[in-house]
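Worksheet: the structure to be examined is printed underneath.
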Amino acid sequence: MSSSQSAPILSLSKVRKSFPGKEVLKSIDLQIAAGELVALVGNNGQGKTTLMKLVLGLLAPDEGKILIHGEAATSSRTTEQKALFGYLPETTAFYPNLTGQETLRYLSSLKQGAPSRIDEVFAIVGLEDAKQYRVKTYSKGMKQRLGLAQALLGNPKLLLLDEPTNGLDPSGIHEFYQILSRLKTEGVAILMSSHLLAEIESRADALALLKGGVISAHGSIDELIGTAELPSIIRFQKGQKFNLKTLDQILKQHTVEKKYIEHSETFVLTCQPTNKQALLLALLSTDGLINKLIVNDPGLEQLFLQLNSGLEIT
Amino acid sequence: MSTFNILFSIARKEFIDHLRNGWIIAVGMAFAIFSLLITFVGFGFTGAVGIGQEQSTLFSLINLVIYLVPLLGLLLSYDGIAGEHERGTLDLLKSYPFNTPLLLYGKWLGLFMVLATTLIVGLTAPAAVSIYSGHTLQAWTLLLITSVWLGAVFISIAILFSVLILDRGKLIAIAIGVWLLFVVLFDLSVIGILVSTEGDVPMNLVNLLFYLNPTALYRLLSIDLMMDEAMIQQLGLMGQIPPTPTLIAAITAWTIIPTTIAGWCIRTSEK
């Protein structure tokens, strides 16, 4: 990666934004490099959409600095800066009486993009067969694809996607992330808000958690999970030679608490990552003690719940 | 060059949208029926007061325009910007690489084209009947131009409110309020003042009041351009109509000022 590619496309420093009676963002620091997908997560009302609008220049920050491609952004974006953006708002109904093709032709002319790009983006989002139909006949998922298509017009360098997979079916979601993956390899930086943690987990390069007006956690998901020292959940059933005394002895040695779920005859153990390997070894090496072992390592959902509200799931 | 491309793209989209939703055909046909009725019936002025048939028909049509065209302009445009806001496309378009006031000017142009087409549809049939009966094309052309212009004033007013208040429910109420104010209440208020003072009001003040109402300006301009001396005499307006350039300048101001304020508002709303 060259130095220009690794320089952040977007950089926010101590950005603050308040509305009458509410300080939504207190101090936001965030950087996104070319080819990076950053997932912006947080509960409703934490300011994810506000943050995107600040980047786009639809709102002006009260304080702080926003740099786009290293250039300081004033309260309004220049047309050159706007040309770097591709934006997909949370909900967009478009124009029901226009066809998909007319819609993109219209929006492409406003982006001053090449008309040849229109067919290209239709192919990218898989709407080629529906481009002649009026938008009022589109399903929610098709409208979402059309929204993504318009965001891709004009070859943007920074995509801002506000809950982009809302309304997409599972295959649509899969295709959507394939598109994002391709764009990343082309050096497009992506800031995407989402509540669908399972989707993000294996796809985002970094996570930024918005909580209380600040980015309370930022980094790669693996790093954050590692730092948070989230417990692994181990489930098993009694083996043929099960002995409660032996089990209690092992658990005592590894300072692990057990919980027994009677109706499924399942034991549930919660252990720290540092203990996990030794505990599993001890359980498995005792002949016939356990059966049907399932190990759940901590995931993004656990991380989110812990970081966001201090809750733990078992 | 690209500024004009953007402007015409927005105007074209607006026109196609209204053509497809049936607005132009439905309203144009309704206007045509009213106009034809007036043309055929002649409103009872004919003969009784000694004024020519074409003059009386045109005068009746001017009154029809005063009632209907401001309402058409307002209903056509009241959600111009608020509609984009509700669809979620306003923020999207504001993020696009063009100056946001162009969105507003392009919309204005598109809505103007819609209204002009509607009025052409509405006035073609009565004009054809009149011209077939041996009357001139000139008066009808002037009626069309001034009517479209009156509509343009109300498109400007509606777009200004649409930028200021992004709520369609409130905007429809405001549109009807604006129509009532300029078309009904204003004239009634002026008559009220004249009656209550038994006409003891300086004529200059009354003339000045007319500049506050674009429909009053339209009425004076239309009479000035289309009516002959006998009709103007009959209407009691001989020597009372301000000079034509003054009326044109005043209506131009009513068209430009609201749109300019709207452009300024949409630019500052980005902050």
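The values are calculated or read from the model by the stated rules, or taken from the named source; none is laboratory data. Since we're looking at a predicted model, the values are computed, not measured. Every residue, glycine among them, receives a Cβ derived from its backbone with ideal geometry; neighbour counts consider all protein chains shown. We work out accessible area using only protein heavy atoms, side chains counted, and drop any ligands, DNA or RNA first. Shrake-Rupley method; radii C 1.70, N 1.55, O 1.52, S 1.80 Å.
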Can you run phi through the Karplus equation (6.51, -1.76, 1.60; θ = phi - 60°) for region B:88-99 and list ³J(HN,Hα) in whole Hz, with x for Gly and Pro?
x, 8, 5, 4, 4, 5, 5, 7, 7, x, 8, 5
Helix B:168-179 axis, angle to chain B major axis (alpha carbon atoms, nearest 10°)
20
For a quick check: with amide H placed at 1.01 Å from N, whose amide H comes under 5 Å from residue A:219's, ignoring anything fewer than 5 positions away on the same chain?
A:207
Name the most mobile residue of A:118, A:250, A:28, meaning the one with the largest mean-square fluctuation, in a Gaussian network model of chain A with Cα contacts below 10 Å.
A:250
Under the Karplus curve 6.51 cos²θ - 1.76 cosθ + 1.60, θ = phi - 60°, whole-Hz ³J(HN,Hα) for region B:21-36, x wherever Gly or Pro sits
7, x, 4, 4, 5, 4, 6, x, 5, 4, 5, 4, 5, 4, 5, 5
Considering only protein heavy atoms, what per residue accessible area in square angstrom results for region A:212-287 with a 1.4 angstrom probe?
62
Alpha carbon centroid spacing (whole Å) that separates region A:149-179 from region A:49-120
14
For the protein assembly as shown (alpha-carbon point model, no solvent) the Debye-based log₁₀ I(q)/I(0) at q = 0.07, 0.08, 0.12 Å⁻¹ works out to -0.60, -0.71, -1.14
Binning at 10 angstrom from zero up to the longest distance, how are the C-alpha pair distances of region A:231-297 distributed in percent?
21, 64, 15, 0
Would you work out which of A:198, A:86, A:179 lies farthest towards the positive end of the dipole of region A:3-226? Charges go on Cβ: Lys and Arg +1, Asp and Glu -1.
A:86
So which residues in region B:83-104 end up with at least 50 square angstrom less accessible surface once the other protein chains are there, compared with the chain by itself, probe 1.4 angstrom?
B:87, B:91, B:92, B:95, B:96, B:97
In straight Cα distance, which lysines are under 20 Å from residue A:292, not counting same-chain residues fewer than 8 positions off?
A:238, A:241, A:245, A:258, A:259, A:276
Report the net charge of residues surrounding residue A:211, where surrounding means a beta-carbon distance below 13 angstrom and charges are Lys +1, Arg +1, Asp -1, Glu -1.
+2
Result for interface chain A to chain B, accessible surface buried in total, 1.4 Å probe, Å² to 100, stands at 2700
Roughly how many whole Å is it from the C-alpha centroid of region B:75-138 to that of region B:176-213?
29
Starting from 0.36 nm per residue, how many nanometres of slack lie between residue A:198 and residue A:166 once their C-alpha separation is accounted for?
10.2 nm
Nearest-10 value in Å² for the accessible area of residue B:23, using the 1.4 Å probe
50
Number of Lys pairs in chain B closer than 20 Å at Cα, excluding neighbours under 8 places apart unless interchain, is 4
Region B:167-271: which GluC sites (Glu not before Pro) are DSSP loop and have at most 12 other beta-carbon atoms within 10 angstrom?
B:198
Residues in region A:88-104 that a label on residue A:129 would reach, taking backbone N under 20 Å of a point 7 Å out along Cα→Cβ
A:99-102
Tell me what chain B gives for mean residue ellipticity at 222 nm when only DSSP H runs of n ≥ 4 count, each as -39,500 (n - 2.57), the sum divided by the residue total, rounded to 500 deg cm²/dmol.
-25500 deg cm²/dmol
Magnitude of the Cβ-charge dipole of the protein assembly as shown, K/R +1 and D/E -1, about the Cα centre, nearest 20 debye?
1000
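Do you know the relative contact order of region A:3-226, to the nearest whole percent, from alpha carbon pairs under 8 angstrom that are 6+ apart?
Rounded, it is 29 percent for region A:3-226.
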With θ set to phi - 60° and the Karplus curve 6.51 cos²θ - 1.76 cosθ + 1.60, what are the ³J(HN,Hα) couplings of region B:125-140 in order, to the nearest whole Hz, using x for Gly and Pro?
4, x, 5, 4, 4, 5, 5, 4, 7, x, 8, 7, 7, 4, 4, 5
Rounded to the nearest 10 Å², what accessible area does residue A:140 show when all protein chains are kept and the probe is 1.4 Å?
140
DSSP-defined beta bridges in chain A - what % are antiparallel, rounded to 5:
65
Can you tell me the Rg and Dmax of region B:2-268, counting just the alpha carbons, in angstroms?
19.6, 63
For chain A, calculated [θ]222 nm from helices alone, where every DSSP H run of n ≥ 4 adds -39500 (n - 2.57):
-10500 deg cm²/dmol
Output the DSSP H helices from chain A with an along-axis C-alpha extent of no less than 30 Å and a mean Kyte-Doolittle hydropathy no less than -0.5.
none
To test your reading of the geometry: what angle, between 0 and 90 degrees and rounded to tens, separates the Cα axis of helix B:244-268 from the longest principal axis of chain B?
20
Using only Cα atoms, tell me the angle between helix B:2-20 and the longest principal axis of chain B; keep it within 0 to 90° and round to the nearest 10.
70
Distance histogram in 10 Å bins (all Cα pairs of region A:3-226, percent per bin):
8, 34, 36, 19, 3, 0
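For a Förster distance of 30 Å, can you work out the FRET efficiency between the beta-carbons of residue A:216 and residue A:72, rounded to the nearest 0.05?
Efficiency, from the Cβ-Cβ distance: 0.70.
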